[in-house]
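Laboratory data are not the source of any read-out in this text; all were calculated from the coordinates shown. Note that the structure is predicted; figures quoted are calculated from it, not measured. Cβ: placed from backbone, ideal geometry, glycine included. Neighbour counts: every protein chain shown.
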Amino acid sequence: MHCKHLNLNVEVDVLTTGALADIVNAILESLLFQRHQIPLVYKTYRYYVRKWSEEENELSEENVTSTTEFLRRQKENATKTNSSISAMKELVRKAFKNKCIKSLRFLFGSTTYTPKEAYTIHIPTEEISSNHSHEQHPMTIGNLNQTLLSLLTHPDLYTIFSSNLNPTNIYLELEISKQIIDLKTMSNAKVDIIPKEFCTLPPSCKDVQIHLLHTGNTSSSSLHCCKDLQVYKDFMDLHLEDNAATIEADSDSNKCKNILYKTNEWWEADIYIRGFKEQGSKCLNMWS
Ligand SMILES: [Zn+2]
């Protein structure tokens, strides 16, 4: 299996780490449904799971039959899958906020050593602007959907997407620029990722390499919107340590590039998603 390389356009005026986290999470949601790890599109799936948790209190204890017990267990499993998706999305958000993410990959398979499919997302780190806030420059829903659509309908992925994939586990690994990781700080803080040896994918694994390309039409040097906001400036001062390396990257991008390429490390998220598929008869409709 040769690996597939494809470019995905990210159309936003200023590229922030917040926008990147949104895109990566949207790609995860799309892949989960596209690769049969959740039975409904993510937002619909989440809607039902939330509805169940509200209804839970209304269930009477008296008429518990084997059917209602079966449905209860199914809903419990579906809820667990939904919780782990939320946790992984939160981890992605935090990681982009605090660390210099070079690339990340989602592995579909029973272990991280035996993935059947791998989706690696390459981040255009040199394009990231740290002087602008995500809130001021979010990616529009229309542009985000356009990016997702070009992934899901990409001709090179047709063979992969038209094959079946049974419910399995989904793991997340992150390639982080090393000079920003302070191990001492991390051992005190709540650590949710663990360092790992980078392992190459097994030959049978379908290997998809997604390159995000920033295609916004405004040159960021001409924008002074966020720098003028006093509130944002205070925020930057507070987080100076976290952002020091990224700020440096903006002022001297070539120098940073060399460092970035030399000192990347792979980390593994300590949470994973277990794909959910409903069991048994179709007449037991849990999605109602
Ligand atoms: Zn701005």
Say whether the condition of being touching a residue at least 60 places away in the same chain (Cβ under 8 Å), under 26 Å from LEU6 (Cα atoms) and not hydrophobic (A, V, I, L, M, F, W, C) is met by at least one residue in the stretch 75-91. yes
Need at least 3 residues that are within 24 Å of ILE176 (Cα to Cα) per element, so show me which helices (runs of 4 or more DSSP H) inside the stretch 1-114 make the cut, counting only ones lying wholly within it. 17-34, 66-98
Specify the residue that is farthest from the ligand (Cβ to nearest atom); the eligible residues are those in the stretch 115-166 that are assigned to a helix (DSSP H, G or I), in contact with an Asp or Glu (Cβ under 8 Å, 6 or more places away or on another chain) and not β-branched (Val, Ile, Thr). GLN146
All conditions in (1) within 16 Å of the ligand (Cβ to nearest atom); (2) more than 30 Å from HIS224 (Cα to Cα); (3) acidic (Asp, Glu) are true of ASP13 except (2)
Count of residues meeting criterion [surrounded by fewer than 15 Cβ atoms within 10 Å (Cβ to Cβ), among the hydrophobic types (A, V, I, L, M, F, W, C) and more than 17 Å from the chain's Cα centre (by Cα)] in the stretch 142-160: 0
